[in-house]
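Enquirer: I'd like to ask you about the structure that follows.
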Amino acid sequence: MTLPASFIPPERTLMGPGPSDVPPRVLNALGRSTLGHLDPLFIDLMDETKSLLQYAFKTENPLTMPISAPGSAGMEACFVNLVEPGDKVVVCINGVFGRRMVENVTRCGGRAVVVENQWGTQTDLNAVEDTLKANPDSKILAFVHAETSTGVRNDAASLCHLAQQFNCLTIVDAVTSLGGIEVDVDGWGIDAIYSGSQKCLSCVPGLSPISFSERAVSVIQNRSHPVQSWFLDMNLIVGYWGQGGKRAYHHTAPVNSVYALHESLLMLKEEGLENAWQRHQTGHEKLRDGLAALGLEMAVDTGYRLPQLNVVVIPDGVDDGEVRGQLLRDFNLEIGAGLGALAGKVWRIGLMGYACKDRNIDHCLASLSKVLQ
Ligand SMILES: Cc1ncc(COP(=O)(O)O)c(C=O)c1O
């Protein structure tokens with residue numbers, strides 16, 4: 001019997017919508033000896049990871065931690081804990097991930113009121129205000145900060161301000177925004193927020209940092225129905241991830257992945273949040289200029305374009321799959337395809353976290369230039 005060989009992946013450059021390149025320092029952390037998930041040293045590391053996440057989210061919220069699963073689980077954790085049957089939730093949609101929020105609301109037995117915006121444009125604040133006025137019984141306003149499917153940044157500060165005027169809680173998707181552009185949980189008054197480890201945090205996929213405000217925690221503690229998901233019930237998870245005191249087994253944490261997240265957050269703190277945001281902006285400008293020199297156009301307006309996710313119009317007559325295939329085969333470079341209505345019409349070039357650097361941008365421009373010739 002022949003056994004399959006060990007899997008040795010090639011060294012790709014990951015410039016799609018995530019996962020993004022993981023620095024050697026984080027990969028080394030991942031490979032360190034596994035500790036027990038209740039080992040006192042691991043508990044110390046959990047506490048330090050929580051405080052590094054508070055730094056990244058700009059919050060003092062005690063309930064700030066990573067969910068042991070990808071961004072979709074962070075999304076679900078926010079909805080299952082805050083939405084009860086019959087609750088009305090206003091959801092802003094301008095891409096794929098807003099639509100998933102509606103799915104979450106419906107599956108929790110909530111009633112979703114949708115503010116639909118054209119893909120590739122920002123959520124319209126007037127439309128949100130009108131919807132909140134027409135639905136004064138709304139409990140939550142939910143929106144995606146950085147829409148990865150379209151490369152659009154929604155105006156999180158103004159949306160949170162509107163929610164507060166109408167006494168609504170907020171649920172914010174920061175999967176692609178955290179670490180790449182400003183996210184200010186306490187300054188904007190966000191009640192529930194989730195992110196992903198694999199984008200601008202430069203960590204391996206599989207963890208979802210989340211944070212809940214004190215107001216959200218009190219809503220969760222005073223629910224009339226139990227949270228429908230046992231695994232994601234924050235009332236139970238705090239027994240393991242909670243502050244101080246005795247930690248009780250809830251599930252086996254992905255110990256090595258937490259080492260990796262800790263290391264990536266340490267790198268973010270060493271660089272400084274503002275410097276990381278600036279690096280993404282500078283990288284975006286360099287890429288944008290290089291693409292323009294190749295005759296390629298950006299699809300999103302400069303006013304609300306994400307620096308970490310560059311959506312580029314595919315020129316007429318160019319075969320999307322052929323170009324991306326050749327970039328991967330011949331240049332070990334991954335860029336992303338368009339999603340949904342934008343499939344075949346755009347490429348999504350990520351400049352996320354560690355992947356946002358001159359060497360990658362030069363490699364991407366040189367490779368694209370050769371392939372397009
Ligand atoms: C904006 C946004 N929300 C949610 C998700 C889901 O995250 P994950 O794929 O880690 O489950 C993604 C993933 O790309 C995303 O970009």
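Just so it is clear, none of the values below were taken in a lab; they were calculated from the coordinates. What you are looking at is a predicted structure, and each value in this text was computed from that prediction instead of being measured. Counting neighbours? That spans all protein chains shown, and the Cβs are built from the backbone with ideal geometry, glycine included.
Enquirer: Which GluC sites (Glu not before Pro) in region 14-106 sit in a loop by DSSP (not H, G, I, E or B) and have at most 12 other Cβ atoms within 10 Å of their own Cβ? All intermediate terms of the calculation are to be shown ahead of the outcome.
Expert: Working: sites: Glu48, Glu60, Glu76, Glu103; in loops: Glu60.
Answer in residue order: Glu60.
Enquirer: I've got another one for you. How long are the three semi-axes of the equivalent ellipsoid of region 299-373, in whole Å, if each is the root of 5 times an eigenvalue of the C-alpha gyration tensor, listed from largest down?
Expert: Numbers: eigenvalues 67, 61, 22 Å².
Working through the eigenvalues yields semi-axes of 18, 18, 10 Å.
Enquirer: On the first, second and third principal axes, largest extent first, how far apart are the outermost C-alpha atoms of region 24-269 in Å?
Expert: Principal extents (Cα only, largest first): 55, 38, 28 Å.
Enquirer: With unit charges on the beta carbons (Lys and Arg positive, Asp and Glu negative) and the dipole taken about the Cα centre of region 24-269, which residue among Leu63, Pro254, Gly98 sits farthest to the positive side?
Expert: So the residue we want is Pro254.
Enquirer: Restricting the calculation to Cα positions, tell me the Rg (one decimal) and the Dmax (whole number) of region 197-305 in Å.
Expert: Values for region 197-305 (Cα only, Rg and Dmax): 20.1, 60 Å.
Enquirer: Kindly count the pairs of lysines across region 24-269 whose alpha carbons are less than 23 Å apart, treating pairs on different chains or eight or more residues apart as eligible.
Expert: Lysine pairs satisfying the spacing and distance rule in region 24-269 number 9.
Enquirer: With only Lys, Arg, Asp and Glu charged, each at its Cβ (+1 for the first two, -1 for the last two), find how big the charge dipole of the chain is about the Cα centre; round to the nearest 20 debye. Walk me through the numbers on the way to the answer.
Expert: Working: 30 positive and 41 negative charges, 117 e Å.
Its charge dipole is roughly 560 debye.
Enquirer: Report the Cα-based extents of region 1-136 along its three principal axes, largest first, to the nearest Å.
Expert: For region 1-136, the Cα spread along each principal axis is 62, 38, 35 Å.
Enquirer: Could you point to the residue in Ser177, Trp230, Ile193 farthest towards the positive end of region 137-246's charge dipole, with +1 and -1 charges on the Cβ of Lys/Arg and Asp/Glu respectively?
Expert: Trp230
Enquirer: Only Lys, Arg, Asp and Glu count, each charged at its Cβ (+1, +1, -1, -1), so figure out the dipole size of region 157-295 about its Cα centre, rounded to 20 debye.
Expert: Numbers: 9 positive and 13 negative charges, 79 e Å.
Roughly 380 debye for region 157-295.
Enquirer: By average Cβ neighbour count within 10 Å, what is the ranking of 138-148, 33-43 from highest down? Could you put the intermediate results ahead of the total?
Expert: Working: 138-148: 26.7, 33-43: 13.5.
Highest to lowest by the protection proxy: 138-148, 33-43.
Enquirer: Next question. Among DSSP beta bridges lying fully in region 24-269, give the percent that are antiparallel, nearest 5.
Expert: Working: 10 of 28 bridges.
In region 24-269, DSSP labels about 35 percent of beta bridges as antiparallel.
Enquirer: Going by how many other beta carbons lie within 10 Å of each one, how would you line up Cys203, Cys364, fewest first?
Expert: Fewest to most other Cβ atoms nearby, the residues stand as Cys364, Cys203.
Enquirer: Let me ask something additional. Taking +1 at the Cβ of each Lys and Arg and -1 at the Cβ of each Asp and Glu, which of Leu266, Val300, Gly242 sits farthest along the dipole of region 237-314 towards its positive end, judged by Cα position relative to the Cα centre?
Expert: Of the options given, the answer is Gly242.
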